[in-house]
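A short write-up of the structure that comes next.
The values are calculated or read from the model by the stated rules, or taken from the named source; none is laboratory data. Just so it is clear, the structure is predicted and the values come from calculations on it, not from any experiment. So basically every Cβ, Gly included, is an ideal-geometry build from the backbone, and we count neighbours across all protein chains shown.
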Amino acid sequence: MTATRRDVMAWALAALPVSVVGAWPEAARAAEPPKTDGRGVRFEPHVLRGRARAMAEKPFVPPQTALPKGLEDLSYDRYRAIAFRPEDAFLREGPGPFRIEWMPRGFLYRDQIEFNAVDDVQSLKIAQTDACFTFPPDVPAPKDGAVLGWSGFRVKAPINRPDVAEEFVVFQGASYFRGVGRGNIYGTSARGLSIATADPKGEEFPLFREFWIEKPQAQGSLLVVHALLDGPSVTGAFRITIVPGETTTTTVEAALYPRVDLDKVGIGNLTSMFLFAPNDRKGFDDFRPAVRDAEGLAFLTAAGERCWRPLTNPQTLQMSVFADTNLRGFGLMQRQRSFFEYQDMEAAYEKRPSAWVEPLGDWGGGKVILVEIPTKEEIHDNIVAFWRPDEPLRKGGEYLYSYRIHWGMDGPVKSELASVAATLEGGGDDERLFIVDFVGSGIEAAKPGELAAEISCRPGAVVEPVIEPNPHVKGQRLAFRIKVGAEPSVEIRARLMRGTEPATETWLYRWSRAD
């Protein structure tokens, strides 16, 4: 059987049973806290920064990737059959609501990742053991003293019900992590750092090679995780504060130490999937109206302009750049929450989280970069969005970035401006029809002539814009045509105005001609 992205996401949520808080299943042997190696050492964030800074002065040494005999080439199905024993969860003894479950190495995840427990400022390395896993008959457990080891971890807590601990955050693979809020299932992911994304010379994937997990305060509702980032071009010290809820937040404090000059970094990197939707379904014969983990890139400029850029699945790789100074936020958002928008009872795309990156402090000059990569299958993450500073990160320097990622049904930014509810497109090769539905209480009851369309395109020409009420969405519909002629692509910008003031967010779109 070939693994699909849908299988991977479903397994991440459902392969391991949820746990009823206070009623963990009994095992044949008594569960014990993870054993630790050696004596404890003092641990504070500045200590980790010092270590990362010192490592940056030396060449990169990759982690151990060799796997025990018989486990070198596990298929997706055989790998996922290795199950964690819930009774061996770290922090199961409290305090606080969190449970940590280790994830085995194998399949795509070969790097040996180290883990430490922190109590107050005392750090103890956690000894890795395979006894926390059960191996199926066709997957041999390591022999002769070999240890498979751990590639990541998942965090559980009561997020949808007060008596059930459910997975809501996972860290696994390079510097990837992802989260969900109440009622969500996994979709968009984040990365601690990206380097040279979509660069023809190839992308670099630095990794979180060691973690320190703080013991929560008594009945505390937050979990603090520290991570050591390492890669050929950079090291870093991360402090990530995790708070579950209707909207789960991961607050990232990152200190980066380049080994070389870096001019193609991605801060607050988000990765997602867009296959097709009503605005772009070229070449797809599918019963579903849309297949996507996120439908658009949203961002809020320093001047307060709210922008919405619907995603597409282009014929060739596309990069869009939106420059600003001290941007107030950006995210890959899933706005449509009706099952009927997707009609997929298995993938449940209507439950995928929106992920919004909120800078903490001033980030200075830079740009939001959106990368759209062509794909024919929904198993591929083909959408990437991140912030790239204007100034390169220089070798030997220290660069500090703090931001908060909000994972949930909606983003944290509220506004009186109406927002884009739908984007539709059709027409011929010479002229295209665009329809944009805006919704919001401020425009629902607008009188004829009260709103005006502000539309521009480059190149091309705008033809016959029309605004009319759309009672089906309780908003206004903007329809217009663009003469595209023989142009390969056209950049379009539109919003509704009330006098000299915007009544809606700004809709941005790139139309590209099909090959």
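Computed quantities for the displayed model
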quantity	calculated
Residue selected from segment 189-216 under the condition aromatic (Phe, Trp, Tyr) and not in a loop (DSSP other than H, G, I, E, B), by the criterion farthest from Pro62 (Cα to Cα)	Trp212
Members of segment 119-137 found to be aliphatic (A, V, I, L, M) and either under 17 Å from Ser151 (Cβ atoms) or crowded, with 21+ Cβ neighbours inside 10 Å (or both), listed by number	Ile126, Ala127, Ala131
Failed condition for Ala453, given (1) exposed (fewer than 13 other Cβ atoms within 10 Å of the Cβ); (2) in a strand (DSSP E or B)	(1)
Failed item, numbered, when Met273 is tested on (1) in contact with a His (Cβ under 8 Å, 6 or more places away or on another chain); (2) farther than 30 Å from Ala514 by Cβ; (3) of a type outside the set (Gly, Ala, Ser)	(2)
Filter result for Ala117 (of a type in the set (A, V, I, L, M), touching a residue at least 12 places away in the same chain (Cβ under 8 Å) and part of a loop (DSSP other than H, G, I, E, B))	no
Asp280 vs. criteria over 19 Å from the mean Cα position of the chain (by Cα) and surrounded by fewer than 18 Cβ atoms within 10 Å (Cβ to Cβ)	no
Segment 232-257, residues that are assigned to a loop (DSSP other than H, G, I, E, B) and not β-branched (Val, Ile, Thr)	Pro232, Ser233, Pro244, Gly245, Glu246
Neighbours by Cβ (under 6 Å, 6+ apart or cross-chain): first from segment 201-222, farther than 13 Å from Phe238 by Cα; second surrounded by fewer than 19 Cβ atoms within 10 Å (Cβ to Cβ) and among the polar types (S, T, N, Q)	Leu222/Thr241
Condition broken by Ala196, with the remaining ones in (1) among the hydrophobic types (A, V, I, L, M, F, W, C); (2) at positive phi; (3) surrounded by 21 or more Cβ atoms within 10 Å (Cβ to Cβ) satisfied	(3)
Subset of segment 145-184 (residues that are more than 23 Å from Val252 (Cα to Cα) and surrounded by fewer than 19 Cβ atoms within 10 Å (Cβ to Cβ))	Gly145, Ala146, Val147, Asn160, Arg161, Pro162, Asp163, Val164, Gly183
Residue among Ala323, Ala355, Ala294, Ala347 that is outside any loop (DSSP other than H, G, I, E, B), of a type outside the set (Ser, Thr, Tyr) and crowded, with 20+ Cβ neighbours inside 10 Å	Ala355
Segment 134-168, residues that are basic (Lys, Arg) and in a strand (DSSP E or B)	Arg154, Lys156, Arg161
Residue count, segment 428-450 (criterion: part of a loop (DSSP other than H, G, I, E, B), buried (at least 16 other Cβ atoms within 10 Å of the Cβ) and more than 30 Å from the chain's Cα centre (by Cα))	1
Considering residues of segment 358-386 that are over 15 Å from the mean Cα position of the chain (by Cα), charged (D, E, K, R) and outside any strand (DSSP E or B) only, the residue farthest from Ser512 (Cα to Cα)	Asp362
Qualifying residue in segment 321-334 (condition: under 25 Å from Arg182 (Cβ atoms), touching a Lys or Arg at 6+ places or on another chain (Cβ under 8 Å) and in contact (Cβ under 8 Å) with a residue 60 or more places away in the chain)	yes
Lone qualifier among Pro104, Pro45, Pro34 - being buried (at least 19 other Cβ atoms within 10 Å of the Cβ) and modelled with pLDDT under 95	Pro34
Hits in segment 132-152 - residues which are more than 15 Å from Leu74 (Cα to Cα) and touching a residue at least 60 places away in the same chain (Cβ under 8 Å)	Lys143, Ala146, Val147
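Residues are listed down the side, and each one gets a yes or a no for (1) among the aromatic types (Phe, Trp, Tyr); (2) closer than 16 Å to Pro448 by Cα; (3) surrounded by fewer than 16 Cβ atoms within 10 Å (Cβ to Cβ):
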{"site": "Ala461", "(1), (2), (3)": "no, no, yes"}
{"site": "Val466", "(1), (2), (3)": "no, yes, yes"}
{"site": "Gln476", "(1), (2), (3)": "no, yes, no"}
{"site": "Arg481", "(1), (2), (3)": "no, no, no"}
{"site": "Val484", "(1), (2), (3)": "no, no, no"}
{"site": "Pro488", "(1), (2), (3)": "no, no, yes"}
{"site": "Arg498", "(1), (2), (3)": "no, yes, yes"}
{"site": "Trp511", "(1), (2), (3)": "yes, no, no"}
